[in-house]
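*Asks:* Dumping the structure here so I can ask a few things about it.
The values are calculated or read from the model by the stated rules, or taken from the named source; none is laboratory data. Source: prediction; values computed, not measured. Please note: Cβ atoms are built from the backbone with ideal geometry, for glycine as well, and neighbour counts cover all protein chains shown. Each accessible area value is taken on the protein alone, full model and side chains, heavy atoms only, with ligands, DNA and RNA left out. Shrake-Rupley method; radii C 1.70, N 1.55, O 1.52, S 1.80 Å.
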Amino acid sequence: MLIQLSRHAFVRHFGNMSEVINQRNDAKFWLQDAEPFLRFIDRTPRKEEEIIRDIAGVYGCPPEDVAEDFRAFAENISGALLRGETEAELSTQEPEFRYYTRQEAEAETARSVSLSVERSQETDNFSDSGINDFLIAHRQISSLHIDLTDGCTERCVHCYVPEYGTKTLSFDAVCKVLKEYRDMGGLEVELSGGEPMCHPQFREILRYARNCDLMITVLSNLTVLDEKTVKTLSDVRIKYLQTSVYSMIPEVHDAITQRPGSFAETMRGIALMREYDVPMKINTPVLKENFGSWRTVEEFCADQNYKFSSNASLLARVNHDCGNLDHGLSAAQMHSYLSSCQSSNPWGPGTFNKQPDDPMCEVCTIKLRLDAAGNYYPCVAGRGLVLGNCHKVTIREAWNSELAEKLRALKQRDFPECFQCKSRCFCLACPAANFNETGDLYRHRPEYCMEPKIKYQLCKEKSC
């Protein structure tokens, strides 16, 4: 019997706990004292008896003493392992991604649900929230967002970036950061910008990230995607790429991006992604400009079996200019939007069971962000809160910086108005968003409260 780790599976160890995750079939395992059993399994096929012999060497016992336990363990995490008599048999078990017709997708969904139920009956692992709770409690960085360049091919009217430039992280700087991040136990890396494909060494960065055994996602408008790049995206087996489509009416989409022809360019990129079976998600920010036609994107995605999401929340520009928020929905439009998607994309009922001394949010607990100038900051909204620069400090030093500790120390009681608000269960109450809007971590704009108040109202009306 041959055994190997799936090409889409990743393993991380945190003390006596181990996380095993397969990005393609969503198999996730949170295991205690499993490191010796995982130590000798990688993406190279090995004979079962050799693995058992090596594990026995760790415990100083005969192989037969651990053989039964190992076989049960391997069966328990079968969603992340490949097992077979030959390498050819192993390759047929690899959960590869491909785009389906609508009928095929329905059959695949049914099969995946069946496998998920079967797997949940066979394993006894922490939930995703249990894994996150552990990582947060131990301040274990697990997600890194990198803006490879601050140059972009579009000028979206609602974007939180005040102006685009020509800054680009060097390939050497990116590699330094990725290595430091991996050495800290990091798992996910999100490559963005600006438009990340404008980076002259984007394909080389993808390959280096994969060689660091990192799970890769990409945020791109696809306007400059070419065949060489899509082949690389396929070769390095990214988790997925997310792109934005604002409307299936080209004039509406182009008016929002302020780039004539951008709709056609993005649709060409989507077709190329499909041709090469590279996983993709399509997101639609809902604004005043596309309020009457955003549903056309949802219908397109349903017809093509693309994963779809929408949202109507906007971040103020990071220089405290709130002018971009003028493109957000009015109260009446927000009420209509939230009402229409409450059943298909439920957001309630919410619960709020925090105590005054609980942390305000998850800032600097599992995520970090790096911009094209090399500045580390805590999250997507907190670009004015610099934790250090990658050209001067290591990622570990930024993670443990004085400002990072200050942000982690923020408590619910530090925001009394938010803590006592009846709509709090539907609100992120984000200190970084406050900082973007007002320049003050502790003070928000009253307009920020519109969305959670409407959610609360709708939930109350429907007796959620």
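*Asks:* Taking the condition in a helix (DSSP H, G or I), in contact with a helix residue (DSSP H, G or I) (Cβ under 8 Å, 6 or more places away or on another chain), within 18 Å of Pro452 (Cα to Cα) and not aromatic (Phe, Trp, Tyr), does Ala398 pass?
*Replies:* no
*Asks:* Condition (residue is without any contact (Cβ under 8 Å) to a residue 24 or more places away in the chain, out of contact with any His (no Cβ under 7 Å at 6 or more places or on another chain) and closer than 24 Å to Cys379 by Cα) applied to segment 170-179: is it met by at least one residue?
*Replies:* Checking segment 170-179: at least one residue is without any contact (Cβ under 8 Å) to a residue 24 or more places away in the chain, out of contact with any His (no Cβ under 7 Å at 6 or more places or on another chain) and closer than 24 Å to Cys379 by Cα.
*Asks:* For segment 349-357, check the following and say yes or no: at least one residue is in a helix (DSSP H, G or I) and not charged (D, E, K, R).
*Replies:* No, because not a single residue in segment 349-357 is in a helix (DSSP H, G or I) and not charged (D, E, K, R).
*Asks:* Please go through segment 339-396 and pick out each residue that is among the aromatic types (Phe, Trp, Tyr) and at pLDDT below 90.
*Replies:* Trp347, Phe352
*Asks:* Only residues that are of a type outside the set (A, V, I, L, M), in contact with a helix residue (DSSP H, G or I) (Cβ under 7 Å, 6 or more places away or on another chain), outside any helix (DSSP H, G or I) and surrounded by 15 or more Cβ atoms within 10 Å (Cβ to Cβ): list them for segment 409-441, please.
*Replies:* Within segment 409-441, Ser423, Cys427 qualify.
*Asks:* Here is a further query. Taking segment 391-408 as the search range and keeping residues that are over 22 Å from Asn319 (Cα atoms) and among the charged types (D, E, K, R), which one is surrounded by the most Cβ atoms within 10 Å (Cβ to Cβ)?
*Replies:* Looking at the filtered set, the residue picked out is Arg408.
Yes/no per residue for (1) open to solvent by 20 Å² or more (accessible area, probe 1.4 Å); (2) of a type in the set (Gly, Ala, Ser):
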{"site": "Phe352", "(1), (2)": "yes, no"}
{"site": "Gln355", "(1), (2)": "yes, no"}
{"site": "Met360", "(1), (2)": "no, no"}
{"site": "Ile366", "(1), (2)": "no, no"}
{"site": "Leu370", "(1), (2)": "no, no"}
{"site": "Gly374", "(1), (2)": "no, yes"}
{"site": "Cys379", "(1), (2)": "yes, no"}
{"site": "Arg383", "(1), (2)": "yes, no"}
{"site": "Asn389", "(1), (2)": "yes, no"}
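*Asks:* Further question on the same structure: Given segment 5-102, what helices (runs of 4 or more DSSP H) lie entirely inside it while holding 1 or more residues that are acidic (Asp, Glu) and open to solvent by 80 Å² or more (accessible area, probe 1.4 Å)?
*Replies:* Qualifying helices (runs of 4 or more DSSP H): 48-59, 64-76, 87-93.
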